[in-house]
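In what follows, a structure is listed as structure tokens, so that the remarks can point back to it.
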Amino acid sequence: MRTRAALPALAGAALLTGTLLSSPAEAAGSVHIYEVYYDSPGSDTGSNTSLNAEWVKIKNSTSSTVSLKNWEIKDATGHTYTFGDVKIGPGSSKKVHTGKGTNTGTDKYWGRSWYVWNNTGDTAKLYRAGGTKADSCTWSSRGSGYKYC
């Protein structure tokens, strides 16, 4: 049967690339940037409270849990946040705050002492562990201070 021969080849391909190929359910959704709050409320004083009001929300719209280990978020100038051994469940989201804090299941902290996202325009980019771009979100004016992507 040809089906039996295809399964070992598929498993071998996944092993060689270090990734699993998308199932039909995963192909219908994605892990993507859902929202960016690029301009924290009030004056940009650099306080940790102000820094943590600046964040990126990542959403998993697939029907499977996805490992974010070694995925990255970057801005236009290359400031980089790398996820640790984190998983995101189906339909779930994670916020990555700019400042310092204690990581939880839903909130992660970049640990920076100054802002990442430019209020007047920037691009948030999400990269998979292998370095391929998963998504990006761009804004070009101050606007409301946040953007749904």
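The values are calculated or read from the model by the stated rules, or taken from the named source; none is laboratory data. Since the structure is predicted, the reported quantities are computational estimates derived from the model, not experimental observations. Neighbour counts are summed over all protein chains in view; Cβ atoms, including those assigned to glycine, are modelled from backbone coordinates with ideal geometry. Please note that ligands, DNA and RNA were not included when accessible areas were found on the heavy atoms of the full protein model with its side chains. Shrake-Rupley method; radii C 1.70, N 1.55, O 1.52, S 1.80 Å.
Within the stretch 57-77, is there a residue that is open to solvent by 20 Å² or more (accessible area, probe 1.4 Å) and farther than 19 Å from H32 by Cβ?
Yes, some residue in the stretch 57-77 is open to solvent by 20 Å² or more (accessible area, probe 1.4 Å) and farther than 19 Å from H32 by Cβ.
For K108, only one of the following conditions fails: (1) at pLDDT 95 or above; (2) open to solvent by 30 Å² or more (accessible area, probe 1.4 Å); (3) basic (K, R). What is its number?
Of everything listed in (1) at pLDDT 95 or above; (2) open to solvent by 30 Å² or more (accessible area, probe 1.4 Å); (3) basic (K, R), K108 misses just condition (2).
Could you tell me which residue of the stretch 130-145 is nearest to the chain's Cα centre (by Cα), considering only residues that are under 26 Å from K69 (Cα atoms) and open to solvent by 60 Å² or more (accessible area, probe 1.4 Å)? Spell out how you get there, then give the answer.
Residues of the stretch 130-145 that are under 26 Å from K69 (Cα atoms), as a first pass: 130-138.
Now drop any that are not open to solvent by 60 Å² or more (accessible area, probe 1.4 Å), which leaves 130, 132-133, 138.
Numbers: G130: 14, T132: 12, K133: 10, T138: 14 Å.
By that ranking, first place goes to K133.
What is the number of the single condition among (1) modelled with pLDDT under 95; (2) more than 19 Å from H97 (Cβ to Cβ) that S43 does not meet?
With (1) modelled with pLDDT under 95; (2) more than 19 Å from H97 (Cβ to Cβ) applied to S43, the lone miss is (2).
Closer than 25 Å to S30 by Cα and at pLDDT 95 or above: does that describe S92? Give the steps one after another, and end with the answer.
Details: closer than 25 Å to S30 by Cα: yes; at pLDDT 95 or above: yes.
So S92 fits the description; yes.
Could you please let me know if D122 is touching a residue at least 60 places away in the same chain (Cβ under 8 Å), in contact with a Cys (Cβ under 8 Å, 6 or more places away or on another chain) and either of a type outside the set (S, T, N, Q) or buried (at least 16 other Cβ atoms within 10 Å of the Cβ) (or both)? Outline the logic, then answer.
Values: touching a residue at least 60 places away in the same chain (Cβ under 8 Å): yes; in contact with a Cys (Cβ under 8 Å, 6 or more places away or on another chain): no; either of a type outside the set (S, T, N, Q) or buried (at least 16 other Cβ atoms within 10 Å of the Cβ) (or both): yes.
No, not satisfied.
Could you list, in sequence order, all residues of the stretch 23-39 that are at pLDDT 95 or above and assigned to a loop (DSSP other than H, G, I, E, B)? Lay out the reasoning, then the answer.
Looking only at the stretch 23-39, we keep the residues that are at pLDDT 95 or above, and these are 30-39.
Within the stretch 23-39, S30, Y38, D39 meet the criteria.
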